[in-house]
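Below: one structure, written as structure tokens.
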Amino acid sequence: MTKINKRKAPTAHLAPDITETRKFRRQRTISSWIWRFIVHALHRDFSLQVDEIDLLNQDRPNAVGCEITNVCNADCSFCVYGKKGGDERKKSKLDMEVLRHTLKLADQTGDMHFTLSPILGEVSADKRWLDMVKEIRSHSNIKTLSCYTNAILLDRFGSEDILTSGITSMTISTALGSKDQYERLYGVEKYETVVENILDLLRTNVALGKPVNLEIQLRIDKPFSNFLDSDLYGEILKYLPAEKIYILDDAWENSKGLLNIENLPTGHKFRAPHVTRDQPCSVMFRKLEVLMDGTIQACACRVEPELWLGNIKDHDTIESAWHSPQYEKLRNDWFDGKMPKCCETCTHYMPANDLVKKYQPAPVMKKIGRKLARLSGLQ
């Protein structure tokens, strides 16, 4: 049986911060410069953020994202969408003036990754989805674009049009293995449609030369063998390698305490919250998140008015938005031990240092050891 990835926690893309007045800015020692050079050389990437100093000192985000809509076409048991307290805003869609202003600022900043995904919703629920993608990618400095989808409506757009629109990476969130499981977890009778849409997308992507980096994130019952031993899994492996298929395994977030264990796939449990929260959450060092009306939110995981930090339309550069007085106060307050109330029990919390822990000496030396072992085996 082919091994499949079990994702214990979602990965995060780095986008740190700093201003001239930031009181936590730090200076490098000679040893930290040397270590930084070693890591950069090892990975052949001199843009990597290697340590906490990089997190604190970088002056712009690596990614900018716009929330396209807060409408969804599914009713997932494990999601707070539609539940009181999950998102109290009216159903709406991204203001094109907000998108265009954000794009202008992002394009001026230099090479940038852009995300076009809802916080609570479905990207394809907006009929303008691919038109937006094409407009975003028409900006020369927007080099990559990613989004999430549940695949329910992909047939309305067509696989070839989706794959040639300018999207560079797309993650499909779904439950595969049985119709009953899917309907219980996703709350809609669309299993056959989803399976057909996914297979058609995978086949077309291969036929086109794999223009899009596709991944599947599964929310399925235990034991996982029910899916891993299925003909459907075997069919998917013809077009997508196993390392691009993930099972969310006991990494469930209980957003705002609105979910119960019964909401999760059978046999799963919620992610244990961090006991200590002395570092700011990593979301404050990731991408700049812009909501549908232009509101800047210091979180891409939940809808939290306490984390609203002005409006993108009031800024003439991405750097200005990233280092606004409101944003800097939020980061600095956390370093001073004053975290936002909404963050006190949030199970999405991940310490900022987790973004760079793989570049610490122990894991890096282990990586070097594996490389040396492979080289010696070839000799």
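The values are calculated or read from the model by the stated rules, or taken from the named source; none is laboratory data. Keep in mind that what you see is a predicted model, and the values were worked out from it rather than measured. Because the Cβ atoms are built from the backbone with ideal geometry, glycine has one as well, and the counts that use them run over all protein chains shown. Just so you know, the surface numbers come from the protein's heavy atoms only, side chains and all, with ligands and any DNA or RNA stripped out. Shrake-Rupley method; radii C 1.70, N 1.55, O 1.52, S 1.80 Å.
Annotations
- Flag if Lys104 is modelled with pLDDT of 95 or more, among the basic types (Lys, Arg) and under 21 Å from the mean Cα position of the chain (by Cα): no
- Selection count, the range 286-326, where residues are assigned to a helix (DSSP H, G or I) and of a type outside the set (A, V, I, L, M, F, W, C): 8
- Some residue of the range 199-220 being open to solvent by less than 40 Å² (accessible area, probe 1.4 Å), touching a helix residue (DSSP H, G or I) at 6+ places or on another chain (Cβ under 9 Å), modelled with pLDDT of 95 or more and among the charged types (D, E, K, R): yes
- Unique residue being modelled with pLDDT of 95 or more, farther than 29 Å from Asn254 by Cβ and either in contact with a Cys (Cβ under 9 Å, 6 or more places away or on another chain) or crowded, with 21+ Cβ neighbours inside 10 Å (or both) when the list is Val123, Val133: Val133
- Checked against (1) part of a helix (DSSP H, G or I); (2) modelled with pLDDT of 90 or more, Asn332 passes all but condition (2).
- Tallying residues that are touching a strand residue (DSSP E or B) at 6+ places or on another chain (Cβ under 7 Å), more than 26 Å from Arg156 (Cβ to Cβ) and surrounded by fewer than 22 Cβ atoms within 10 Å (Cβ to Cβ) within the range 99-120 yields 3.
- Enumeration of residues in the range 129-158 that are assigned to a loop (DSSP other than H, G, I, E, B), free of Cβ contacts under 8 Å to residues at least 60 places away in the same chain and more than 23 Å from Glu319 (Cβ to Cβ): Ala151, Gly158
Listed here are the residues, each with its yes/no results for (1) without any contact (Cβ under 8 Å) to a residue 60 or more places away in the chain; (2) under 23 Å from the mean Cα position of the chain (by Cα); (3) under 16 Å from Ala242 (Cα atoms).
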site: Gly177; (1), (2), (3): yes, no, yes
site: Arg184; (1), (2), (3): no, no, no
site: Thr193; (1), (2), (3): yes, no, no
site: Thr204; (1), (2), (3): yes, no, no
site: Lys222; (1), (2), (3): yes, no, no
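- Qualifying residue in the range 236-250 (condition: in contact (Cβ under 8 Å) with a residue 24 or more places away in the chain, open to solvent by less than 60 Å² (accessible area, probe 1.4 Å) and touching a Pro at 6+ places or on another chain (Cβ under 9 Å)): yes
- Flag for Val275 being closer than 30 Å to Tyr327 by Cβ and without any contact (Cβ under 8 Å) to a residue 40 or more places away in the chain: yes
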